[in-house]
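Data block below; observations after.
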Amino acid sequence: MKFTNLHKIILLALSFTITLVSCQSNDSKKETKTESNLTQFVDPFIGSGGHGHVFVGANVPFGGVQVGPSNFNKGWDWSSSYHYTDSIVKGFTHLNLSGTGMTDLSDFILMPATGKLKMWAGNQSHPNDAYASFYSKETESVKPGYYSVMLDDYNIKVELTASERVGMHRYTFPKSKKSRVIIDLSEGNSDITVDTYIKQINETTFEGYRFSKGWAADQREYFTLIISKPVTNFILYDRNDKVEGTERKGNYVKGFLEFETTENEMIQVKMGVSPVSSKNALENMTAEIPHWDFDKIVDQADEKWNKELSKITIETPDLSKKKVFYTAMYHTMIAPNLFSDVNGQYRGTDKKVYDDPGFTNYTLFSLWDTYRAAHPLYTIMQPEKMSDMINSMLAIFDHQGKLPVWHLRGNETNTMPGYSAIPVVVDACLKGFEGIDIERAYNAMKVSAMGDFEPGIKDLMEYGYIPADHGPESVASAMEYAIADWAISKLAEKLGKTEDAEYFAKRAKGYAAYFDEETRFMRGKLADGSWRTPFDPVSAQHRVNDYCEGNAWQYLWLVPQDPEGLIELLGGDEPYIEKLDELFSMSSDQEEGASIDITGLIGQYAHGNEPSHHTTYMYAYAGAQYKIADNVDYILNELYTDKPDGLSGNEDCGQMSAWYILSSMGFYSVNPANGMYVFGRPLLDKATIQLPENKTFIVESENNSRENMYIQSVTLNGENYTKAFITHKDIVSGGNLKFVMGDKPNKEFGKKDEDRPKSKVY
């Protein structure tokens, strides 16, 4: 066939079009792939400076190990064993806290080294005989599931990754006749070892345990370690005394695994961890990382994180907001921690070993913090894990006779006031999650609330309040109990336990006993019925006054279960609103000796500490939803940033981040057990929540900007929606929630009584 010039032109044009379409298609695929890689927006350094206390290192979602660098403890801001400002690392540990206000863990330290054998980690002054090393921020890199750094003292590159129960290390050594990996069981983060043990099994395998006493009073952890290169010399020390042989039991045992290395030789180490035995630790390792493909484990960890992060996809033109959001999601999934082996075994609070209970066992429940928003968020994001978490709490009840307060690796720490597991359990029961024995759960709650377990319960039942002269934090404790008691009363109603429902409903109103009509604050009341004096509503003496990590201004609003009752106490809508306005507008000055947890201040509102978290949303109960916007907007934009000091207070095991996730989508769980979320000010243009059964719940914000922060109108599934809240049932049913935003308050939105949130179960 003979081609004319016209034919040639047509063919050339067609060829160009096909090529262009092909390129566009490939580009589209690239964009899709890039956007699906949500871990790129996670920066684990956010919150590692300032007072954030977050973990930095390698882990997987809700994993049983957190493998990361450990600095010397220099105070409160090193609670996670790491701080962004530091430059000395004593080693790399396998169990670490994230965002807590207390110090512990940092168990099973490994440290690669060369040259002269140095027997102890050292301290901040870094003496010459210490094995700790300086490092530079420029060589430090971290992403979900991976961490690396160069050790300046040894010219060794350290890389870390993790599976659920195993930490994997890759060290790139220089040429040295004296290279080693140090196992130091004496080192932790402010705890004390009571028994340690190391045994060499063969030239590449070692096992042992570390028993310690700290915040966790009786912590028992086991390990098995396998190194990729045969050890030519194994040296044991107990404290500073060299020990002959291949095993040692003592209080401060250390092992030195020595070998020769060539230039840039890679040595890999796998450490399986178990709360039960070294045998189980080896089984964990064999099941999870049976090979030496380090990069494969990094990729698998990335996949696991992407799977979880993709449960909420967002649209915003601000890259920094995207980083803050997905880092927040990441933070909510560091804890609770997996606390059972691959064979299902775990160690209970009673220190007995339990066989596979038929559910996945978890630990590290920071419930005073997380019951407020993290656990309500899990009911949306992690429905498949709810029964496991609740059954873990019920198992703890069976072992220790009460529900957990602050549970840490098989130990009840009894930290913080209240019995805050109760709202979490009730919420799960009322939302209808399968796999939970509701009668069993109810019994555990009733026993925990009626027994002589928590401070002031006996007094509460005798006096109707907790006398301030019978112990500190009386107001804080009683108000936390009242929140939980309300939850019990609602579950009792559902179960037809009328007498119990009435009893706990009355106890839930007990907060009113602390309201002083003269000062219009919740005050400490003495056993004779008089008020504790002197009284200063700004005073916040740490753990010694009537409040917990707060003052009277902050605790006045700790009534999420009954805002209507609080409105009545304050004299109605207008006086209530005026009081709230005063909270946010007054001076933020703190007296000397005030609790260090009171941070992120707007007036006397303290976003850095959990009892304040719902307070911004309390306006809606008085028909003034529009007043929420200014404060929520400020918090979202100013108190959360993508910098290392980007959290205004310690992360508290995901609670600080859970507030951000919910609030940035436009709503918040004021009452954490009634299945309802109050509207605030949506930060994102669009958020899509992936739900089971391929359903989605889409939240959109039209005309959204920093200036257009006020809700003008709302539609739900295309229908006009006038309520100032949305229910959990609406969210998990799937659909579309649309906010229309503007630069002026719509004072009528949510004003009518029928449109206000209420103290009932939705």
**Study point:** Checklist (1) assigned to a strand (DSSP E or B); (2) touching a residue at least 12 places away in the same chain (Cβ under 8 Å); (3) closer than 28 Å to Asn189 by Cβ applied to Lys242, failing item
**Key:** (2)
Practice item. Run Gly250 past the list (1) buried (at least 19 other Cβ atoms within 10 Å of the Cβ); (2) modelled with pLDDT under 95 and report the number of the one that doesn't hold. Key: (2)
Review point. Counting just the residues of region 188-217 that are in a strand (DSSP E or B) and of a type in the set (S, T, N, Q), which one comes out nearest to Gln268 (Cα to Cα)?
Key: Thr205
Review point. Any idea how many residues of region 326-365 are in contact with a helix residue (DSSP H, G or I) (Cβ under 9 Å, 6 or more places away or on another chain), crowded, with 20+ Cβ neighbours inside 10 Å and not in a loop (DSSP other than H, G, I, E, B)?
Key: 11
Check your understanding: Looking at (1) surrounded by fewer than 21 Cβ atoms within 10 Å (Cβ to Cβ); (2) farther than 28 Å from Leu491 by Cα, which is the only condition Gly646 fails?
Key -> (1)
Review point. Quick one: is Glu263 under 30 Å from Thr39 (Cα atoms) and modelled with pLDDT of 95 or more?
Key: no
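Return the residues of region 249-270 that are assigned to a loop (DSSP other than H, G, I, E, B), within 21 Å of Lys177 (Cβ to Cβ) and out of contact with any Pro (no Cβ under 8 Å at 6 or more places or on another chain); say none if nothing qualifies. So that I can check it myself, show each step before the final result.
We begin by selecting, within region 249-270, every residue assigned to a loop (DSSP other than H, G, I, E, B); these are 251-252, 262-264.
If we keep only those that are within 21 Å of Lys177 (Cβ to Cβ) too, we end up with 262-264.
Matches in region 249-270: Thr262 only.
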Study note, to complete from the structure: Taking region 701-751 and keeping residues within 20 Å of Ala622 (Cα to Cα) and of a type in the set (S, T, N, Q) leaves Gln712, Ser713, Thr722, Thr727, Asn746
Point to revise | Members of region 257-274 that are crowded, with 22+ Cβ neighbours inside 10 Å and closer than 18 Å to Trp120 by Cβ | key: Leu257
Check your understanding: If you take the residues of region 708-726 that are in contact with a strand residue (DSSP E or B) (Cβ under 9 Å, 6 or more places away or on another chain) and loosely packed, with under 12 Cβ neighbours inside 10 Å, which of them is nearest to Lys738 (Cα to Cα)?
Key -> Gly718
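Residues checked against (1) assigned to a strand (DSSP E or B); (2) at pLDDT 95 or above; (3) touching a Leu at 6+ places or on another chain (Cβ under 8 Å); (4) buried (at least 22 other Cβ atoms within 10 Å of the Cβ):
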residue: Tyr84; (1), (2), (3), (4): no, yes, no, no
residue: Pro112; (1), (2), (3), (4): yes, yes, yes, yes
residue: Gln124; (1), (2), (3), (4): no, no, no, no
residue: Tyr147; (1), (2), (3), (4): yes, yes, yes, yes
residue: Met150; (1), (2), (3), (4): yes, yes, no, no
residue: Asp153; (1), (2), (3), (4): no, yes, no, no
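Is it the case that region 557-566 has a residue that's under 20 Å from Tyr617 (Cβ atoms), among the aliphatic types (A, V, I, L, M), assigned to a loop (DSSP other than H, G, I, E, B) and not assigned by TED's automatic domain parsing to the domain that holds Lys446? Working first, answer last.
Start the filter on region 557-566 by keeping residues that are under 20 Å from Tyr617 (Cβ atoms), which leaves 557-566.
Narrowing further to those that are among the aliphatic types (A, V, I, L, M): 558-559, 566.
Remaining after also requiring assigned to a loop (DSSP other than H, G, I, E, B): 558-559.
With not assigned by TED's automatic domain parsing to the domain that holds Lys446 added as a condition, the list becomes 558-559.
Checking region 557-566: at least one residue is under 20 Å from Tyr617 (Cβ atoms), among the aliphatic types (A, V, I, L, M), assigned to a loop (DSSP other than H, G, I, E, B) and not assigned by TED's automatic domain parsing to the domain that holds Lys446.
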Point to revise | Residue under evaluation Glu518, criteria (1) over 25 Å from Glu564 (Cβ atoms); (2) free of Cβ contacts under 8 Å to residues at least 40 places away in the same chain; (3) in contact with a Phe, Trp or Tyr (Cβ under 9 Å, 6 or more places away or on another chain); (4) of a type in the set (Asp, Glu), criterion not met | key: (1)
Point to revise | Contacts under 7 angstrom Cβ, first residue in region 731-749 being free of Cβ contacts under 8 Å to residues at least 40 places away in the same chain, partner of a type in the set (Val, Ile, Thr) and surrounded by 17 or more Cβ atoms within 10 Å (Cβ to Cβ), 6 or more apart | key: Lys738/Val714
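Counting only residues that are part of a helix (DSSP H, G or I) and within 29 Å of the chain's Cα centre (by Cα), how many does region 574-626 have?
The initial filter retains those residues of region 574-626 that are part of a helix (DSSP H, G or I), namely 574-585, 610-612, 615-622, 625-626.
With within 29 Å of the chain's Cα centre (by Cα) added as a condition, the list becomes 580, 583-584, 610-612, 615-621, 625.
Of the residues in that region, 14 qualify.
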Point to revise | Output for region 238-250, where each listed residue is of a type in the set (Lys, Arg) and more than 40 Å from the chain's Cα centre (by Cα) | key: Lys242
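Yes/no matrix, rows are residues, columns are (1) β-branched (Val, Ile, Thr); (2) farther than 30 Å from Gly565 by Cβ; (3) within 22 Å of the chain's Cα centre (by Cα):
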{"site": "Trp659", "(1), (2), (3)": "no, no, yes"}
{"site": "Gln690", "(1), (2), (3)": "no, yes, yes"}
{"site": "Glu719", "(1), (2), (3)": "no, yes, no"}
{"site": "Ser733", "(1), (2), (3)": "no, yes, no"}
{"site": "Lys760", "(1), (2), (3)": "no, no, no"}
Revision key, fill the gap. For region 203-237, the count of residues that are closer than 23 Å to Glu283 by Cβ, within 24 Å of the chain's Cα centre (by Cα) and surrounded by fewer than 19 Cβ atoms within 10 Å (Cβ to Cβ) equals 0
Check your understanding: Any residue in region 460-473 that is touching a helix residue (DSSP H, G or I) at 6+ places or on another chain (Cβ under 6 Å), part of a helix (DSSP H, G or I), in the same structural domain as Met381 (by TED's automatic domain parsing) and of a type in the set (A, V, I, L, M)?
Key -> no
Study note, to complete from the structure: Taking region 728-751 and keeping residues out of contact with any strand residue (DSSP E or B) (no Cβ under 9 Å at 6 or more places or on another chain) and either within 24 Å of Lys695 (Cα to Cα) or in a helix (DSSP H, G or I) (or both) leaves Lys729
Review point. Any residue in region 578-592 that is at pLDDT below 95 and in contact with a Cys (Cβ under 9 Å, 6 or more places away or on another chain)?
Key: no
**Study point:** Matching residues, region 752-762, being farther than 12 Å from Ala620 by Cβ and either touching a strand residue (DSSP E or B) at 6+ places or on another chain (Cβ under 7 Å) or surrounded by 18 or more Cβ atoms within 10 Å (Cβ to Cβ) (or both)
**Key:** Ser759, Val761, Tyr762
Review point. For Ser392, are the conditions met, namely being outside the structural domain of Lys213 (by TED's automatic domain parsing), part of a loop (DSSP other than H, G, I, E, B), buried (at least 19 other Cβ atoms within 10 Å of the Cβ) and among the polar types (S, T, N, Q)?
Key: no
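Considering only residues that are of a type outside the set (Gly, Ala, Ser), touching a His at 6+ places or on another chain (Cβ under 6 Å) and not in a loop (DSSP other than H, G, I, E, B), look in region 631-667 and name the one that is nearest to Thr727 (Cα to Cα).
If we filter region 631-667 for residues that are of a type outside the set (Gly, Ala, Ser), which is where we start, we get 631-645, 647, 650-653, 655-656, 659-662, 665, 667.
Add one more test, that the residue is touching a His at 6+ places or on another chain (Cβ under 6 Å), and what stays is 635, 639, 650-651, 659.
This time we only want the ones that are not in a loop (DSSP other than H, G, I, E, B), so: 635, 659.
On the way: Ile635: 24, Trp659: 17 Å.
Checked region 631-667; the qualifying residue nearest to Thr727 (Cα to Cα) is Trp659.
Hey, does region 174-184 have a residue that's in the same structural domain as Glu263 (by TED's automatic domain parsing) and under 25 Å from the mean Cα position of the chain (by Cα)? Step through it out loud before you land on a result.
First, the residues of region 174-184 that are in the same structural domain as Glu263 (by TED's automatic domain parsing): 174-184.
Those left that are additionally under 25 Å from the mean Cα position of the chain (by Cα): none.
Looking for residues that are in the same structural domain as Glu263 (by TED's automatic domain parsing) and under 25 Å from the mean Cα position of the chain (by Cα), one finds none in region 174-184, hence no.
Quick check on Arg532: is it touching a Lys or Arg at 6+ places or on another chain (Cβ under 9 Å), of a type in the set (Lys, Arg) and in contact (Cβ under 8 Å) with a residue 12 or more places away in the chain? Spell out the reasoning first.
Working: touching a Lys or Arg at 6+ places or on another chain (Cβ under 9 Å): yes; of a type in the set (Lys, Arg): yes; in contact (Cβ under 8 Å) with a residue 12 or more places away in the chain: yes.
It is true that Arg532 is touching a Lys or Arg at 6+ places or on another chain (Cβ under 9 Å), of a type in the set (Lys, Arg) and in contact (Cβ under 8 Å) with a residue 12 or more places away in the chain.
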Exercise for review: From (1) on the phi > 0 side of the Ramachandran plot; (2) of a type outside the set (S, T, N, Q); (3) over 27 Å from the mean Cα position of the chain (by Cα); (4) buried (at least 21 other Cβ atoms within 10 Å of the Cβ), pick out the condition that doesn't hold for Gly410.
Suggested key: (3)
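The values are calculated or read from the model by the stated rules, or taken from the named source; none is laboratory data. Everything quoted here is computed from the prediction, not taken from an experiment. Reconstructed Cβ throughout: ideal geometry from the backbone, glycine too, with neighbour counts over all protein chains shown.
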